[in-house]
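The values are calculated or read from the model by the stated rules, or taken from the named source; none is laboratory data. Please read all numbers here as calculations on a predicted model, not as lab measurements. Note: ideal-geometry Cβ built from the backbone for every residue, glycine included; neighbour counts use all protein chains shown. Side chains are part of the model used for accessible areas, which takes the heavy atoms of the whole protein and leaves out ligands, DNA and RNA. Shrake-Rupley method; radii C 1.70, N 1.55, O 1.52, S 1.80 Å.
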Amino acid sequence: MSSTIPAVEVAGLQLSQLGLGTATFGWLYESVSAAQATATVHRALELGIAYLDTAPAYGLGAAESKVGTALRNVDSGRLVVSTKVGRVLDPLPVGAAAAYPGAPRLQAVDAWTEDGVRRSLEDSLTRLGLDRVDIAYIHDPDDNETDVYDTAFPALARLREEGTVRAIGAGMNQSAMMARFVDRLDIDVVLLAGRYTLLEQSALDDLLPACLARETRVVIGGAFNSGLLAAPTEAAHYDYGPVPKDLLLRAQAIQRVCADHDVPITAAALQFPLAHPAVASVLAGMRTPEEVEQNVTAFDTNIPDALWDNLRSEGLLHPEAPTDRIV
């Protein structure tokens, strides 16, 4: 199996249009061993996936540590690595229960100050076994917008000036606050999870126009909406929780249209966001080499224009959502 995955330039970095998200390495739904994570990362690299995203919060450092193990003896010049800042991992208080069975006895603590941002990144570099990362995102500051302006972003900007990171931005599950960040701050790239997918396109109303105006690039996370767009059944997850009935029915309607055109819903879900001119890359969570191969095949699947036309005519796609694939 071979694949050629195009790359897009972001702040001088070459991001493959399909990236590997590693929340799956941090006990998301099921455990992934270090050996399995290593095999997954190596297969992704073999098939042309050259962008990898992680975060301290994924498994309380477990995902970053597994990524670090996977990247030993790998030429770091072959890929772009991003992680996130804004939280540090501290020991749990005596007597406190671990987050889940087998979890490290740690807790994620907010760290929006200059010292906190620096410690967050330094700890990540230690777990990753790297002397720098390419991109650092401020992670989910939903309740800390003022802290971003006052301390977290200035600290991150200084790290960019010092060369510890190449590009900076924010990563969130909402688009409105990130649109304000793009308008007010010198951001290179944002990571938007779940709000510009085949299932929902609310970011067309705020973030994506702001990014086009400021020439800020967008990475899309959660392209499968936590699994709902990979397998639209009642057992699927949406935003890491149970699936609301209306969204399940919508996802199943999308799947029926895809099936009418002999296109897997996963192929449409991975490729749809890339048609927007602000979008540089789409991340997919993968936990096995087989999932890597399945997603690369989906990414390479030809999709007829008629599929997008049918989705639009049935009210399953925003009327202004671009659908001409940009490569």
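Things to note:
- As a ratio to 2.2 N^0.38 Å, the alpha-carbon radius of gyration computed for the range 217-327 takes the value 1.02.
- Debye-sum result for the range 265-313 in log10 I(q)/I(0), which assumes one identical scatterer on each alpha carbon, at q = 0.23, 0.25, 0.31, 0.32 Å⁻¹: -0.90, -1.00, -1.21, -1.24
- The range 255-271 versus the range 167-219: alpha-carbon centroid distance in Å: 25
- Considering every alpha-carbon pair of the range 179-240, the percent of pairs per 10 Å bin, from zero through the bin containing the longest distance, is 23, 44, 23, 9, 1.
- Counting protein heavy atoms only, the chain has 49 percent of its accessible area on carbon and sulfur, 1.4 angstrom probe.
- Temperature 25 °C, viscosity 0.890 mPa s: under these conditions the Stokes-Einstein estimate for the range 55-143, based on its Kirkwood radius over C-alpha pairs, is 179 µm² per second.
- FRET efficiency, L249 to A213 (Cβ-Cβ, R0 51 Å, nearest 0.05): 0.90
- Mean accessible surface per residue for the chain, computed with a 1.4 Å probe while every protein chain stays in place, in Å²: 41
- Among (1) 18.9, 60; (2) 21.4, 70; (3) 23.0, 72, the entry that matches Rg and Dmax of the Cα atoms in Å as calculated here: (1)
- Unit Cα scatterers, Debye sum, the range 124-186: log10 I(q)/I(0) for q = 0.23 Å⁻¹: -0.98
- Percent antiparallel among DSSP beta bridges (both partners in the chain, rounded to 5): 25
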